[in-house]
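*Asks:* Pasting a structure below so you can have a look.
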Amino acid sequence: DGRLTFFPGNETVDLPSINFMKRYGTVFLNAYTNSPICCPSRAAMWSGLFTHLTESWNNFKGLDPDYVTWMDLMEKHGYHTQKFGKLDYTSGHHSVSNRVEAWTRDVHFLLRQEGRPMVNLTGDRKRVRVMEADWRNTDKAVNWIKEEAVNLTQPFVLYLGLNLPHPYPSPYAGENFGSSTFLTSPYWLEKVNFEAIKIPKWSSLSEMHPVDYYSSYTKNCTGEFTKEEVRNIRAFYYAMCAETDAMLGEITSALGHTGLLGKTVVIFTADHGELAMEHRQFYKMSMYEGSSHVPLLVMGPGIKEQQEIPNVVSLVDIYPTMLDIARIPVPRNLSGYSLIPHLREKTESEVSPQGPRPSWVLSEFHGCNVNSSVYMLRTGKWKYIAYSDGFSVLPQLFDLTADPDELTNVAIKFPGIVHSLDKILRSIVNYPKVSASVQEYNKRQFISWKQSLGQNYSSVIANLRWHQDWLKEQKKYENAIDRWL
């Protein structure tokens, strides 16, 4: 959650490596994902293109494997390149369950897709390495810096992708069930300031926006939660962020020990945030701040220290920024703009070949847990969220200055603002047309999957993450799918 990198969010948990980057670099106060889910977000970051252009509609439909990323271009221009850890930009390798849930989101039924969010404390005060796979990848990156990077005669670019602070799979609900367990050890939980944890306000279920209600239901969050449960989920999430921060610290320490820190640009960001029970949801797949607002910090030679940038930016800006750092010509067809003018205070005469940066950012979502395509435009104090074809589902408008917790939809109160923001949105993306093409894609994919199983499809579905709900009224749900098809 990007809000943890600056005040007041940073009061809740100790993140010394983030603070180090802020002391010696620049933090972006309003950085957003272009799609609040792993694979489509990473597809945007690696391609520099918006989601409707990559057509990365869900967690296993990303870029073509031979797509030319910014790292590929840097390699062509003489950089030594190295990747460790989670990539997830061609496909998220997610389960059949994930796919079927994404494809059938237009079906008129409600089925729980995730395990109820819960916490799990493991080990004792000495247990530092909870997410062992991430630590292994961090160790690989550290060793590579100490043994390889330090001896290179050419410049290098190193990418380390972490899974944390992602919730863990919940074993209690079957192997195909969702990642709804927030897991940490006492060592990391002690880094959290429990007094500073805000318990989010919830609307009643009957007052929720219909798409929010669908999300809350499919994420198994419509039941009763005590204040203590909510506080714990949030605390454990922050503790997982503290463990992530320590991995960042290992990288900056390795660069320091090898004498490379002073001549290396370091960028820290994320594919999406975590709602951690805000708006009666956990996980991502939402345009609310907890899910769509990401961290973005940059430090290195020539980059301003202790700078906070309020302008809106997004992950598609990484592509042109990387090329700009490497002095490689930036292609003109990109959705993003280089961040270098912000980072280095370039003069206006050095504005990018695409022209000046727009005053808005775009995020969109087409995957599971949300029963409509969603489009978010953030500009100034406004966040405008449009759904589907723009008519069948009412839009949302939030004034983030007056209402940072996004509790009051003021779309009806400000029809003029809605009209002008919708006009800007339509000038960027023909969103009714994109929504329709996603609906067609979902139906096509589901039909071909169903045909591959013959008459057996319902019994396969009965073993997916839906099984607990599906088996209660199997015929009803089969009929709903038939009507949709």
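*Asks:* Yes or no: region 122-138 includes at least one residue that is in contact with a Gly (Cβ under 9 Å, 6 or more places away or on another chain), more than 30 Å from Lys263 (Cα to Cα) and not in a helix (DSSP H, G or I).
*Replies:* yes
*Asks:* Could you tell me which residue of region 353-377 is modelled with the lowest pLDDT, considering only residues that are out of contact with any helix residue (DSSP H, G or I) (no Cβ under 7 Å at 6 or more places or on another chain) and surrounded by fewer than 22 Cβ atoms within 10 Å (Cβ to Cβ)?
*Replies:* Step by step, filter region 353-377, then rank; the result is Pro353.
*Asks:* Quick check on Val230: is it part of a helix (DSSP H, G or I) and within 23 Å of Pro404 (Cβ to Cβ)? So that I can check it myself, show each step before the final result.
*Replies:* Details: part of a helix (DSSP H, G or I): yes; within 23 Å of Pro404 (Cβ to Cβ): yes.
Spelling it out, Val230 is indeed part of a helix (DSSP H, G or I) and within 23 Å of Pro404 (Cβ to Cβ).
*Asks:* Could I ask something else about it? May I ask you to say which residue of Thr184, Thr252, Thr226, Thr264 is farther than 30 Å from Ser372 by Cβ and under 22 Å from the mean Cα position of the chain (by Cα)? Spell out the reasoning first.
*Replies:* Details: Thr252 fails: under 22 Å from the mean Cα position of the chain (by Cα); Thr226 fails: under 22 Å from the mean Cα position of the chain (by Cα); Thr264 fails: under 22 Å from the mean Cα position of the chain (by Cα).
Every option except Thr184 fails the conditions.
*Asks:* Restricting to region 262-311, count the residues that are in a helix (DSSP H, G or I) and over 18 Å from Asn34 (Cβ atoms).
*Replies:* In the first step, residues of region 262-311 are kept if they are in a helix (DSSP H, G or I); the result is 262-263, 278-280, 289-292.
Within this subset, residues satisfying the condition of being over 18 Å from Asn34 (Cβ atoms) are 262-263, 278-280.
The number of residues fulfilling the criteria is 5.
*Asks:* Just to be sure before I move on: is Tyr237 over 14 Å from Ala276 (Cα atoms) and of a type in the set (Ser, Thr, Tyr) in the structure I sent? Can you show your working first?
*Replies:* Working: over 14 Å from Ala276 (Cα atoms): no; of a type in the set (Ser, Thr, Tyr): yes.
For Tyr237, the condition - over 14 Å from Ala276 (Cα atoms) and of a type in the set (Ser, Thr, Tyr) - is not met.
*Asks:* With the condition kept exactly as written, say whether any residue in region 150-159 is surrounded by 19 or more Cβ atoms within 10 Å (Cβ to Cβ), under 22 Å from the mean Cα position of the chain (by Cα) and not hydrophobic (A, V, I, L, M, F, W, C).
*Replies:* No.
*Asks:* Then there is this: Counting only residues that are open to solvent by 20 Å² or more (accessible area, probe 1.4 Å) and among the hydrophobic types (A, V, I, L, M, F, W, C), which one in region 261-290 is farthest from Asn30 (Cα to Cα)?
*Replies:* Leu261
*Asks:* Further question on the same structure: Determine whether region 59-74 contains at least one residue that is more than 18 Å from Leu164 (Cα to Cα) and of a type in the set (Ser, Thr, Tyr). Let's see the steps before the verdict.
*Replies:* First, the residues of region 59-74 that are more than 18 Å from Leu164 (Cα to Cα): 60-74.
Add one more test, that the residue is of a type in the set (Ser, Thr, Tyr), and what stays is 67, 69.
Yes, region 59-74 has at least one match.
*Asks:* Quick check: anything in region 170-184 at pLDDT 95 or above, more than 21 Å from Arg280 (Cβ to Cβ), surrounded by 13 or more Cβ atoms within 10 Å (Cβ to Cβ) and outside the structural domain of Tyr477 (by the TED database)?
*Replies:* yes
*Asks:* Out of the residues in region 37-95 that are of a type in the set (A, V, I, L, M, F, W, C) and in contact with an Asp or Glu (Cβ under 6 Å, 6 or more places away or on another chain), state the one that is surrounded by the most Cβ atoms within 10 Å (Cβ to Cβ).
*Replies:* Cys39
*Asks:* Here's something else I'd like to know. Does Trp202 fit the bill of being surrounded by fewer than 19 Cβ atoms within 10 Å (Cβ to Cβ), in contact (Cβ under 8 Å) with a residue 24 or more places away in the chain and not in a loop (DSSP other than H, G, I, E, B)? Break it down stepwise before answering.
*Replies:* On the way: surrounded by fewer than 19 Cβ atoms within 10 Å (Cβ to Cβ): yes; in contact (Cβ under 8 Å) with a residue 24 or more places away in the chain: yes; not in a loop (DSSP other than H, G, I, E, B): no.
When the stated conditions are applied, Trp202 does not pass them.
*Asks:* Given the residues Asp134, Asp124, which is the only one that is closer than 30 Å to Glu190 by Cα, open to solvent by 40 Å² or more (accessible area, probe 1.4 Å) and of a type outside the set (A, V, I, L, M)?
*Replies:* Values: Asp134 fails: open to solvent by 40 Å² or more (accessible area, probe 1.4 Å).
Exactly one of Asp134, Asp124 is closer than 30 Å to Glu190 by Cα, open to solvent by 40 Å² or more (accessible area, probe 1.4 Å) and of a type outside the set (A, V, I, L, M), namely Asp124.
*Asks:* Let me ask you something else. With the requirement that a residue be within 22 Å of Met247 (Cα to Cα) and among the acidic types (Asp, Glu), what does region 72-93 give you?
*Replies:* Keep residues of region 72-93 that are within 22 Å of Met247 (Cα to Cα), which gives 81-89.
Listed by number, the list holds a single entry, Asp88.
*Asks:* Could you go through region 312-326 and let me know if any residue there is modelled with pLDDT of 95 or more and surrounded by fewer than 18 Cβ atoms within 10 Å (Cβ to Cβ).
*Replies:* Yes.
*Asks:* Restricting to region 212-227, name every residue that is assigned to a helix (DSSP H, G or I) and either buried (at least 18 other Cβ atoms within 10 Å of the Cβ) or touching a strand residue (DSSP E or B) at 6+ places or on another chain (Cβ under 7 Å) (or both). Walk me through it before giving the result.
*Replies:* Let us first name the residues in region 212-227 that are assigned to a helix (DSSP H, G or I), namely 212-218, 227.
Scanning region 212-227 gives Asp212, Tyr213, Ser215, Ser216, Tyr217, Thr218.
*Asks:* Here is a follow-up. Looking at Val230, Val192 in this structure, which one is open to solvent by less than 30 Å² (accessible area, probe 1.4 Å), over 29 Å from His467 (Cα atoms) and assigned by the TED database to the domain that holds Phe268?
*Replies:* On the way: Val230 fails: over 29 Å from His467 (Cα atoms).
The match here is Val192.
*Asks:* Would it be correct to say that His80 is within 20 Å of the chain's Cα centre (by Cα) and not charged (D, E, K, R)?
*Replies:* Details: within 20 Å of the chain's Cα centre (by Cα): no; not charged (D, E, K, R): yes.
No: the conditions fail for His80.
The values are calculated or read from the model by the stated rules, or taken from the named source; none is laboratory data. Values in this document were obtained by computation on a predicted structure and should not be read as measured data. Here Cβ is always computed from backbone atoms with ideal geometry, including for glycine, and neighbour counts include all displayed protein chains. Ligands, DNA and RNA are stripped out before the accessible areas are found, and what is left, the full protein with its side chains, is counted by its heavy atoms. Shrake-Rupley method; radii C 1.70, N 1.55, O 1.52, S 1.80 Å.
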